[in-house]
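Reading through the structure tokens given below for one structure.
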Amino acid sequence: MGSEIIIVPFIFSTIGFIAWVLVTGSQRRQHLRVMTEFNTHLLERMGSMKDFGDFLQTDGGAKLMDRVTAGGTRPEIRWTILRSLQTGLVLICLGVGLITLAWVFRLDALINDHVFGVTGTIALSLGLGFLLSAGAAYRLASTLERRHDE
């Protein structure tokens, strides 16, 4: 009874992770192919280096170069902090739920495993880490913003 609690969810999560990796890899490959084709057609339309240099001096050219360069535009710090905060809260809720299940199953004499307690403690620790990370990033971003304004 005890080993099925770990093996079955692990198999499903592994299959889900493999599917996610394959899908995102395919999307990235397709995005890279489309961007490469677009850049090739754009460079073919530019007649000379002077035309290309004039185009880069415009706002549209600057935006294009920003998108074409490695990584594109960086995500806003607000969304990064919010994502970290959201992940932390979800992991804390998961950890509290698993620790509660461990406490409930501890009362049952048939199940003497510590799977829920250990997993809940790990999830709770990760959630607290994400919350601390979000708080530190928020504080650092506001400090840098104040320094930039001065």
Examine the range 62-84 for a residue that is part of a helix (DSSP H, G or I), under 28 Å from Phe10 (Cβ atoms) and either at pLDDT below 85 or not basic (Lys, Arg) (or both), and state whether such a residue exists.
-> yes
Checked the range 1-42 for anything closer than 30 Å to Phe105 by Cβ and among the β-branched types (Val, Ile, Thr); matches are Ile5, Ile6, Ile7, Val8, Ile11, Thr14, Ile15
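The values are calculated or read from the model by the stated rules, or taken from the named source; none is laboratory data. Predicted model only: the values in this text are computed from it and were never measured. When we count neighbours, we look across all protein chains shown, and the Cβ atoms used for this are built from the backbone with ideal geometry, even at glycine.
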